[in-house]
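Every number in this text was worked out from the coordinates using simple rules, so none of it is lab data. Computed from a predicted structure; not experimentally measured. No Cβ is skipped: glycine too gets one built from the backbone with ideal geometry, and neighbour counts run over all protein chains shown.
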Amino acid sequence: MKGIDDESADRKEWTELYRNTKYLKEQGLIMYVIPSYRYSDKRIARFLATHFYNVGMMRFSDDDYDDFRQCIFIGNKKTGKHKEFNQKLFDFLIQMESDEFVMENVTPVDRFVAANKKWSVPSGVEKLRTFYTKLANKSDFVEGIRNSKGFQAFKNRSKPRQLEIGGNPILPLNVGQLALLLASGAVNGEIGEGDNYHLVQGLELVKKIPNEEKKVHDNGSVTTITKIRTRREVSVKVITPQGKILKLV
């Protein structure tokens, strides 16, 4: 799964635990439901053992556990910057990778409820701060925005730019420069007029070239290392006024 601000897709148990704990009030209550084996992840186990107290661990009931294999962690968030590490809880969570350990040592949720175990939830802010605002007519700001240097700079940057090519290059173009022209669309379309009128189409050819290196070790064994490099070539097709097709590679 990939979040809105994430650069890559990954499992979200650790990410969401870390994110949500930041917004949880001190002494606030967390109910964290993930697959049982994920509690054995050292990052998750260490985080839970460091930031929460008055904890409880329960698994889904016997009727549901085989289908979902999930466990529920409940605990209150610790206060202060310096938090004591709960080694016993950490060791317990690390062992939850084993289904046998979970079935033998983690209490089903229905039995947990029957035991009448309770957690306290701290009260929220009782008095809300008062803030003041006012509505303004947007027409009062239009003229100032239009005449501002920042808005003019924004308009100039937002304008689509037209590619203009003319004259002859001082030196022959190399492959990299031709690739830039291909990417900008400058090597496609109509070129010239009259007797010099041509139709041109440019293509970039990408090839994978394998290369093998053999390394002989002191014990006589040989290791083969295969490296693949990418080679880019430029191909240009031209139709002359006489209808002749030329291909330049």
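Which order, highest average first, do 33-44, 135-146 follow once you tally other Cβ atoms within 10 Å for each residue and take the mean per peptide? Intermediate values should be presented prior to the final figure.
Numbers: 33-44: 16.8, 135-146: 8.5.
Peptide ranking by packing, descending: 33-44, 135-146.
Cross-link partners among lysines for residue 88, C-alpha distance below 17 Å, same-chain residues fewer than 8 apart left out?
Within the straight-line limit of under 17 Å, residue 88 reaches these lysines: 42, 78.
Between 0 and 90 degrees, rounded to the nearest ten: what's the tilt of helix 42-51 against the longest Cα principal axis of the chain?
Computed tilt is about 50 degrees.
How high is the FRET efficiency between residue 133 and residue 14 when r is their beta carbon distance and R₀ equals 45 Å, given to the nearest 0.05?
Once rounded, the FRET efficiency stands at 0.70.
Given labels modelled 7 Å from the Cα in the Cβ direction, how far is it in nm from residue 231 to residue 154?
Each label point lies 7 Å from its Cα, and together they span 5.0 nm.
On the first, second and third principal axes, largest extent first, how far apart are the outermost C-alpha atoms of the chain in Å?
Per principal axis, max minus min of the Cα coordinates gives 96, 83, 39 Å.
Provide the packing ranking of 50-60, 85-95, 209-219, 189-199, i.e. peptides ordered by the mean count of other C-beta atoms within 10 Å per residue, highest first.
Details: 50-60: 18.0, 85-95: 15.5, 209-219: 7.9, 189-199: 10.7.
Ranking the peptides 50-60, 85-95, 209-219, 189-199 by packing returns 50-60, 85-95, 189-199, 209-219.
Extension gain residue 173-residue 37, at 0.36 nm per residue separation less the Cα-Cα distance, in nm? If you can, show how the numbers build up before the last one.
On the way: separation 136, 0.36 × 136 = 48.96 nm, distance 5.93 nm.
Roughly 43.0 nm would be gained on extension.
State, to one decimal in nm, how far the label point of residue 46 lies from the label point of residue 95, with both points 7 Å from Cα in the Cβ direction.
So the label points at residue 46 and residue 95 sit 2.1 nm apart.
Rounded to two decimals, what is the ratio between the C-alpha radius of gyration of region 175-248 and 2.2 N^0.38 Å? The partial results should precede the final answer.
Details: Rg = 21.0 Å, N = 74, 2.2 N^0.38 = 11.3 Å.
Compactness ratio reported: 1.86.
HN-Hα J couplings of region 14-25 from phi, Karplus 6.51/-1.76/1.60, θ = phi - 60°, integer Hz, Gly and Pro as x?
5, 4, 6, 4, 5, 5, 6, 5, 4, 9, 7, 5
What net charge do the residues around residue 60 carry, taking every other residue with its C-beta under 13 Å from that of residue 60, with Lys and Arg at +1 and Asp and Glu at -1?
Numbers: positive: 59, 69, 111; negative: 62, 63, 64, 66, 67, 99, 110.
With Lys, Arg at +1 and Asp, Glu at -1, the neighbours total -4.
Between residue 22 and residue 244, what is 0.36 nm times their sequence separation minus the Cα-Cα distance? Round to one decimal in nm.
On the way: separation 222, 0.36 × 222 = 79.92 nm, distance 6.97 nm.
Here the segment from residue 22 to residue 244 would lengthen by 73.0 nm.
What is the dipole size for region 13-114, taken about its Cα centre, with +1 at each Lys and Arg Cβ and -1 at each Asp and Glu Cβ, in debye to the nearest 20? Let's see the in-between values first.
On the way: 15 positive and 16 negative charges, 203 e Å.
It works out to roughly 980 debye.
Please give the helix 149-158 orientation as an angle from the longest Cα principal axis of the chain, in degrees from 0 to 90, rounded to the nearest 10.
70 degrees
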